[in-house]
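Asker: Let me give you the structure first, and then I'll get to my questions.
The values are calculated or read from the model by the stated rules, or taken from the named source; none is laboratory data. Quantities reported herein were computed from a predicted structural model and do not represent experimental measurements. Methodologically, a virtual Cβ is constructed for each residue, glycine included, from the backbone with ideal geometry; neighbour enumeration extends over all protein chains shown. Protein only, heavy atoms only, side chains kept; ligands, DNA and RNA dropped before computing areas. Shrake-Rupley method; radii C 1.70, N 1.55, O 1.52, S 1.80 Å.
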Amino acid sequence: MKDFAALVQTLDQTTKTNAKIAALASYFETAPSDDKLWCVALFTGRRPKRIITTSNLRTWAREAANLPDWLFEDTYAIVGDLAETISLILPPNTHVQDHSLSQWIDLLILHSGDEPDQKQAFILKAWNGLPSDERFVFNKLITGGFRLGVSQKLISRAIAKTIGQPETEVAHRLMGKWTPTTTTWEDLLLGDNKAADLSKPYPFYLSHPLETPPTELGPHEDWQAEWKWDGIRGQIIVRDGTVFVWSRGEELVTDRFPEFADLAKTLPDGTVLDGEIICWNGDTPLPFAALQKRITRKSVGKKLLDEAPVVMIVYDILEWQGKDIRHAPLSDRLSHLDDCLVGSPCLRRSLPIPFTSWGHLKEIQSTARAQRAEGVMLKRLSSPYEQGRKKGNWWKWKLDPMTVDAVMIYAQAGHGRRANLFTDYTFAVWDGDTLVPFTKAYSGLTDKEFSEITSWVRKNTLQRFGPVRQVTPELVFEIAFEGIQDSPRHKSGIAVRFPRMLRWRRDKPASEANTLQDLRDILNSLSG
Amino acid sequence: MVLQMRQAGLYCPAGDFYIDPWRRVERALITHAHADHARWGHDHYLATPRTVAMLYHRLGEISAQSIAYDHTLTIGGAKVSFHPAGHLPGSAQIRVEVGGEVWVVSGDYKTEHDGAAEAFAPIKCHTFISECTFGLPAFHWQPQAQIFDEINTWWSDCAKDGIIPVLGAYSLGKAQRILAGLNSDIGPIFTHPAVEGTTEILRQSGLNFPTTRPVTKDVDKATLQNAIIIAPPSATASSWVKKLGPISTGFASGWMGIRGIRRRRAADRGFVISDHADWDGLNTAIAETGAETIYVTHGYTEIFAKWLSSQGYDARCLDTEFQGEEDAGEDST
């Protein structure tokens, strides 16, 4: 596994895309096919079935390192990654066990049926036979989650470079339900396309936030505007009488949404729709919280189905009558939608918003919140359906977020990339002369600001509650959020959605922060 | 109490002096010349000769007296001596004895002998005030020879590809330790002016380092063929570095042992090498003092104190303004 561990290290040690692609391509040129396939599987989130619980791993590791439970947990909290923590705390290896990546995975699968003490013996022997970097990779095979800044797009590019196929073709072949136990490198990437998995989705095309005034996009007649809804991106596939629903995270979520189960009766075979899955009641969208309930529950009961029914707001069609039509201009693709949505109440067409000028659209966009939309999408009528986050043809034009100025009252250190920096803060607003916490936020500041605040926190700690520090209520931040709701579970009585720090208000004393009443006023202005 | 905490820092009532104070005081005993321990503005400084030389370099005209290692000086009712801490050349632990009770202030220290800094020596005491920057069992340093191999391999790989490696290392201590480990057969060694300045002071104090040339804004790029550049961490991202052409950035620090921090630092390469003790180093050093009471400062103090308590010590945290090894790229010189 030396070569794979070296690849992981190289990928981890560079921030340059070209260096990453070169490292991957060189691995794909030299590694055995089984290893290559597993490499692609692991980097696209397809890990082997977990055969050992993480609680067992923790126990065996801290026993091997002779550390008390609390010390292991505190160390893990700082390192932020279980596989890495274990690889760091164990004593150095005493011998070398040299197996390839796929051989190690086969061994893991082979031991999956073992009794716990046999499993333990196998794991301890493996740890003892691997140097720290390979041990980290080995642990990752068990715990999952290689996060190396390697996107699906990057993998596709590296494979495309190695096998001399177009990147889009490779990207499509990598989508869907395959695992290394059900296919081979050759079948997956070079096999006959017709045999490809029926369930296979297309890579999603993702939009960019609009950064310039829309007038810079050229004549408004070239563009279509639609409401931007706050749901989850999805793809509905009907092929061979079967329905598959994919989320953007490339997760097959068909079972979560029984509403779509019968679509094979109304949609012709060879149809792939792209749109937003969202809870919808009558003519209005429900808040995202409703959808959240639907996503988190594994089984969907009747009560929940009644309370939070979902629809897909369909805005594109990628396959029609079994043909990939992504290359066709948007206006042509959409002409097929009219026919196919009839008779499926769970599918709603995302209708174009009529507008006569960019100025006119700006007026419409500013009313998005009243529509319960996040803003407006702009799509170039002549554009093909591209893949990934490619700039130019799809723009999201969101409303400015709601903001308040709040006081930091607690700080906690982050994990992983943010280990030993105080990055997780709790913010409060004034209620009379007391500060009431109303949200946490973690993002929005630069690394430099986080470092500066970290040294400030060290000097301004009033009290410690485990890892949490209560700090002098002095620093003020502008907190932005996308939604606001009543919430009896929160002390402040409200909950906000997507809170983040917009900026550090060094110019404001704590006394000038916003009040709880200000937050209630925002809430009332929306529901009123 | 031999030492007590006051607003300005650690104070010895019997001798009326402070150790590494962070506010202006009359008499300051300085463990080593890093900025968080040796601050500007005290009326009088006492430190080892190499530290004093560095203080003059950093702080300009100050009133300073030097004291050799292992030499005892009586200040008021206290007997004071300085002992090698292994952190960087001239760095010291400070032993203070009052009425038969002995306290030792570690300053910053490492237990591995690096060849340049005087080797760390454990000092018997009743109370030991120890740093614990890397007081977590996740930190285990490899022998420095292995890290020098990694750095030299990186350098020669870069040289082959026509790329200039720029290695971020503190200008005092880490930079010279690395200089001593570089294989100058690969190519010329260039240093940032801040590194060149401190290296020169240490050369004058009798230490040998490979030949270095200062790199400046208008350096002739032809002379940089096969070269490596050693610069303070904060300088590796500055604009003059970007104008050098294709470069590969490296960062040498104990923090590079943690993947998340390495990624945050966003250097092309992270080399795990520290001038602080690792987990085993801290535990061994503390055991060898024979002390029963341990105060821990800067680092994972709460966790480390709890661990020491579980090992039978009377261990407590001491809140100081020392920073240990910064990971954010701030240079500590």
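Asker: Indicate the gyration tensor shape class of the protein assembly as shown (rounded, prolate or oblate), computed on the Cα atoms with a ≥ b ≥ c the square roots of the eigenvalues: a/c under 1.5 is rounded; otherwise a/b larger than b/c is prolate and the rest oblate.
Answerer: prolate
Asker: I've got another one for you. Give the percent of DSSP beta bridges with both residues in the range A:205-393 that are antiparallel, rounded to the nearest 5.
Answerer: The answer is about 90 percent antiparallel.
Asker: Right, something else. Within the range A:205-393, how many Lys pairs that are eight or more residues apart, or on different chains, come under 15 Å at the alpha-carbon?
Answerer: Taking the Cα cut-off of 15 Å, the pair count is 6.
Asker: Sorted by accessible area with a 1.4 angstrom probe, largest first, how do B:Cys132, B:Cys317 fall?
Answerer: On the way: B:Cys132 0, B:Cys317 55 Å².
Largest accessible area first, the list is B:Cys317, B:Cys132.
Asker: Name the residues of the range A:199-243 whose amide N is less than 18 Å from a point 7 angstrom out from the Cα of A:Asp324 along the C-beta direction?
Answerer: What the label zone holds, given the 18 Å backbone N cut-off, is A:199-206, A:235-240.
Asker: FRET efficiency for A:Glu452 and A:His490, Cβ-Cβ distance as r, R0 = 30 Å, nearest 0.05?
Answerer: Plugging the Cβ-Cβ distance into 1/(1 + (r/R0)^6) gives 0.55.
Asker: Still on this model: What is the list of residues in the range A:408-443 whose amide nitrogen lies under 20 Å from a point 7 angstrom out from the Cα of A:Ala289, following Cα to Cβ?
Answerer: Within reach of a label on A:Ala289: A:427-429, A:436-441.
Asker: Lys pairs in chain B, Cα-Cα under 18 Å, at least 8 apart or on separate chains: how many?
Answerer: Counting lysine pairs in chain B gives 8.
Asker: Using label points projected 7 Å from each Cα along Cα→Cβ, tell me how many nm separate B:Arg213 and B:His126, to one decimal.
Answerer: It is 5.9 nm.
Asker: Of all accessible surface on the protein assembly as shown at a 1.4 Å probe, what whole percent is carbon and sulfur?
Answerer: On the way: 18030 of 36280 Å².
Roughly 50 percent of what the probe reaches on the protein assembly as shown is carbon or sulfur.
Asker: When Cβ neighbours within 10 Å are restricted to other protein chains, what is their mean count per residue of peptide B:169-178?
Answerer: Whole-number average of other-chain Cβ neighbours for B:169-178 is 0.
Asker: When chain B is treated as a GNM, springs tying every alpha-carbon pair under 10 Å, which of B:Ala117, B:Ala138, B:Ala85 comes out with the largest mean-square fluctuation?
Answerer: The residue with the greatest mean-square fluctuation here is B:Ala138.
Asker: Just to be sure I understand: if you take the accessible area of chain B alone plus chain A alone and subtract the pair, with a 1.4 Å probe, what total do you get in Å², rounded to 100?
Answerer: Interface between B and A: roughly 2700 Å².
Asker: Over the range A:2-143, what is the mean sequence separation of C-alpha contacts under 8 Å (at least six apart), divided by residue count, expressed as relative contact order in percent? Don't jump to the answer; show the numbers that get you there.
Answerer: Numbers: 114 pairs, mean separation 45.3, N = 142.
It rounds to 32 percent for the range A:2-143.
Asker: Please give the solvent-accessible surface of A:Asp433 in Å², to the nearest 10, using a probe radius of 1.4 Å with every protein chain present.
Answerer: About 130 Å², ignoring ligands and nucleic acids.
Asker: Can you give the accessible area of A:Arg500 in Å² (nearest 10), computed on protein heavy atoms with a 1.4 Å probe?
Answerer: About 60 Å², rounded to the nearest 10.
Asker: Report, as an integer, the average count of C-beta atoms from other chains found within 10 Å of each Cβ along B:251-261. The partial results should precede the final answer.
Answerer: Numbers: counts 0, 0, 0, 0, 2, 1, 4, 11, 16, 13, 9.
Partner Cβ neighbours, averaged per residue: 5.
Asker: Also, quick follow-up: Can you tell me the relative contact order of chain A? Whole percent, Cα pairs under 8 Å, sequence separation 6 or more.
Answerer: 11 percent
Asker: Assuming R0 = 45 Å, can you tell me the calculated FRET efficiency for the pair B:Asp70 and B:Asp149, based on Cβ-Cβ distance, to the nearest 0.05? It would help to have the intermediate numbers written out before the result.
Answerer: Details: r = 34 Å, r/R0 = 0.76.
Between B:Asp70 and B:Asp149 the formula returns 0.85.
Asker: So how do A:241-254, A:172-185, A:375-388 stack up, highest first, on mean other-Cβ count within 10 Å?
Answerer: A:375-388, A:172-185, A:241-254
Asker: How large is the helix-only mean residue ellipticity at 222 nm for chain A, computed as the sum of -39500 (n - 2.57) over DSSP H runs with n ≥ 4, divided by its residue count, in deg cm²/dmol to the nearest 500? Could you put the intermediate results ahead of the total?
Answerer: Working: 19 runs with 192 residues, N = 528.
Rounded to the nearest 500, it is -10500 deg cm²/dmol.
Asker: Oh, and also: Using label points projected 7 Å from each Cα along Cα→Cβ, tell me how many nm separate B:Thr223 and A:Glu512, to one decimal.
Answerer: 5.2 nm
Asker: Further, regarding this structure: Give the ranking of A:Lys459, A:Lys228 by solvent-accessible surface, highest area first, calculated with a 1.4 Å probe. Display every interim value, and only then the final one.
Answerer: Numbers: A:Lys459 135, A:Lys228 35 Å².
Greatest to least solvent exposure: A:Lys459, A:Lys228.
Asker: Oh, and also: Accessible area, 1.4 Å probe, largest first: how do A:Tyr76, A:Tyr205 sort?
Answerer: Reading off the accessible areas and sorting them downward yields A:Tyr76, A:Tyr205.
Asker: Provide the gained length on full extension for the span A:Thr472 to A:Asp187, in nm with one decimal, where the gain is 0.36 nm per separating residue minus the Cα-Cα distance.
Answerer: 96.5 nm
Asker: Only Cα pairs within less than 10 Å get springs; with that Gaussian network setup on chain B, which residue of B:Leu207, B:Leu182, B:Leu282 has the largest fluctuation?
Answerer: Comparing B:Leu207, B:Leu182, B:Leu282 in the GNM, the peak value goes to B:Leu207.
Asker: Nearest 5 is fine: what % of DSSP beta bridges in the protein assembly as shown come out antiparallel, could you say?
Answerer: Numbers: 91 of 136 bridges.
Close to 65 percent.
Asker: Over the heavy atoms of A:Thr472, what accessible area does a 1.4 Å probe trace out, to the nearest 10 Å²?
Answerer: Around 40 Å² of this residue is reachable by solvent.
Asker: Roughly what % antiparallel, to the nearest 5, for the DSSP beta bridges in chain B?
Answerer: 35 percent
Asker: When only C-alpha pairs under 8 Å and at least 6 residues apart count, what is the relative contact order of the range A:205-393, in percent?
Answerer: The normalised contact order for the range A:205-393 reaches 31 percent.
Asker: If I model a spin label at A:Arg464 and A:Asn93 as a point 7 Å from the Cα along the Cα→Cβ vector, what separation in nanometres do I get?
Answerer: Spacing of the two 7 Å Cα→Cβ label points: 3.7 nm.
Asker: Quantify how strongly other chains surround peptide B:294-300 by giving the mean number of their Cβ atoms within 10 Å of each of its Cβ atoms.
Answerer: The per-residue average across the peptide is 1.
Asker: Moving on. Which of the residues in the range A:383-425 lose at least 50 Å² of accessible area when you go from the chain alone to all protein chains together (probe 1.4 Å)?
Answerer: Those residues are A:Arg417, A:Asn420.
Asker: Report the calculated FRET efficiency for A:Leu351 and B:His44 (r = Cβ-Cβ distance, R0 = 56 Å), to the nearest 0.05.
Answerer: 0.10
Asker: Specify the angular offset, from 0 to 90 degrees and rounded to the nearest 10, of the alpha carbon long axis of helix B:49-59 from the longest principal axis of the alpha carbons in chain B.
Answerer: So the inclination is approximately 70 degrees.
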